[in-house]
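Remarks on the structure that follows.
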Amino acid sequence: MKGRGPDTDQFASSPGLPSSWRGPFDFVLENGLRVLFAQREKSPTVELRFVMDSGFAADPDGRSGLAALAIAMFSEGLIRAEDAQVGFALEALGAALDGQLLPDAAVIGMSALNANLSDALSIYANALTHPEFKIEDFELLQANRLVRIADERLNPFELSLRVLPPMVYGRGHIYARPLTGSGIERDVAAITPDDLRSYYAMNLMPQCSTLVVAGSCATAYLRAQLEETFKEWRAVPGAALSTLAAETAASPPSVIIVNRPGVSQTALAAGLRTLARNSSHAEALIVADTILGGIFTSRLNLSLRERKGWTYGVRSLLLDARLQGFWLIRTAIRADCTAQAMAEIAGEIGNLADRRPSTPDEFARAVDYLVARIPASYETCAQMADALAHVIIYRLPITYSQNLAGCLRRLKPDDVTETCQQILAAAGPRWLIVGKAAELVSQLRNAGFGNITVVESNSTDVP
């Protein structure tokens, strides 16, 4: 199966995508592995994404961080196949592994040169089907993951991704865990090599996974290459796609202050529970986020930075999930203006839902911005592979990328208002503040904020 094969198939380019792309082509190998392929003429590289239908939300109790450790073993090149370290073998071919971990999925990717695709694919397949590792490599990576957790607790932004989820989702919810995916320190320290082997056995299965490919080879050639490479990898009887469900939990405290007496300003983060990524309101939420804090001319940035001068910048972002997403607003604010900034952020979220909904001009600018960015999202094979992986992970139509611009154009300002109302009806924002607790507690109480919990930065109450 050497060689690259024909460069093109005789198919028209897909509407809504740059004209150089064809597909995506959707087919299933004999062993049950689904393949989604986007074709681009004369690309010198090929990108592969092996998408597993389970992420860190499925980590077993007492073993949070297991999926992150398992995927890092691949992305660090430490996995071995046929008694050779995969990272070195791929490097010799101009190829490399990478990994991505999300609440609902895990991705093991490979970038390779088209000219070396056959050899690189063979190594990639061996790593996926027979993952092995040395105990000393496992112990080194485990120690590195523990250091990473310590680093996350020092960084206010990453700390917000650790502390806010149990507050936003409620304890007991499957997403009520650090959204960095790195896990809790004591859990990671307890992971054993056998845990890692069990993870691979339960998750590296063809019929519960999808292989995304973006490159220039012909569809028939790619299919034959994949059938040959994965022919010994058989489906596991009884395996099924992930069916994790959300759980209802009691409302947690509304404000946590992590006390750091030596800081000169306050790190402030707010979190809200949102919608499933494949919800019919998902695109309206993307527009709402753009208006609120997604761009420099957003409501929050113009208010807190440009008009009031309390911060160098404030941003909002959406973290997608299959069941209920996460809306994060974060900034570093002047310490004496913390409570006022919180009131401003909460007020602007409420405004979008009712009191001051998006104006036609404001809405049009946000939609124009989002639509204008779409072509730049598919300029490379890596971008296209990531976009198609996104479609698989969140169970969107495979034509989602082609239809996104039209979907955004069909929205109305009232759609944004209705979506924000739906989110706020469930719960208001939860807050994480990193700063001088002695000054902040009285400031917040005087401003009407209640349910305040203060923890020390080195406390075991900080995950």
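The values are calculated or read from the model by the stated rules, or taken from the named source; none is laboratory data. Please read all numbers here as calculations on a predicted model, not as lab measurements. Methodologically, a virtual Cβ is constructed for each residue, glycine included, from the backbone with ideal geometry; neighbour enumeration extends over all protein chains shown.
Taking the criterion of being part of a loop (DSSP other than H, G, I, E, B), within 18 Å of Val416 (Cβ to Cβ) and in contact with a helix residue (DSSP H, G or I) (Cβ under 7 Å, 6 or more places away or on another chain), the residues of the range 277-317 that qualify are His281, Ile295, Ser298.
Residues that are closer than 28 Å to Ala284 by Cβ and out of contact with any Leu (no Cβ under 7 Å at 6 or more places or on another chain) within the range 311-322 comprise Gly313, Arg315, Asp320, Ala321, Arg322, listed in sequence order. Give me the residue from the range 381-401 that is in contact with an Asp or Glu (Cβ under 8 Å, 6 or more places away or on another chain) and not in a helix (DSSP H, G or I) and, out of that set, modelled with the lowest pLDDT. Per the criteria, the residue is Ile398. Residues of the range 39-80 that are more than 19 Å from Ala105 (Cβ to Cβ) and touching a Cys at 6+ places or on another chain (Cβ under 7 Å): Arg40, Ser43, Thr45, Val46.
Let's see how each residue does on (1) closer than 21 Å to Val213 by Cα; (2) among the β-branched types (Val, Ile, Thr); (3) assigned to a loop (DSSP other than H, G, I, E, B); (4) without any contact (Cβ under 8 Å) to a residue 12 or more places away in the chain:
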residue	(1), (2), (3), (4)
Arg63	no, no, yes, no
Ala67	no, no, no, no
Phe74	yes, no, no, no
Gly87	yes, no, no, yes
Leu93	yes, no, yes, no
Gln100	yes, no, no, no
Ala112	yes, no, no, no
Ala115	yes, no, no, no
Asp119	yes, no, no, no
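Being surrounded by 24 or more Cβ atoms within 10 Å (Cβ to Cβ) and modelled with pLDDT of 95 or more is a description that applies to Val107. Total residues in the range 132-154 satisfying the condition of being more than 23 Å from Arg177 (Cα to Cα) and assigned to a helix (DSSP H, G or I): the figure is 6.
Trp431 meets the conditions (1) touching a Ser or Thr at 6+ places or on another chain (Cβ under 6 Å); (2) not in a helix (DSSP H, G or I) in every case but one. The failed one is (1). The residue of the range 39-82 that is surrounded by the most Cβ atoms within 10 Å (Cβ to Cβ), among those that are within 15 Å of the chain's Cα centre (by Cα) and charged (D, E, K, R), is Arg49. Could we say that Ile398 is in contact with a Pro (Cβ under 9 Å, 6 or more places away or on another chain), in contact (Cβ under 8 Å) with a residue 60 or more places away in the chain and under 30 Å from Gln265 (Cβ atoms) here? Taking the combined requirement at face value, the residue does not satisfy it.
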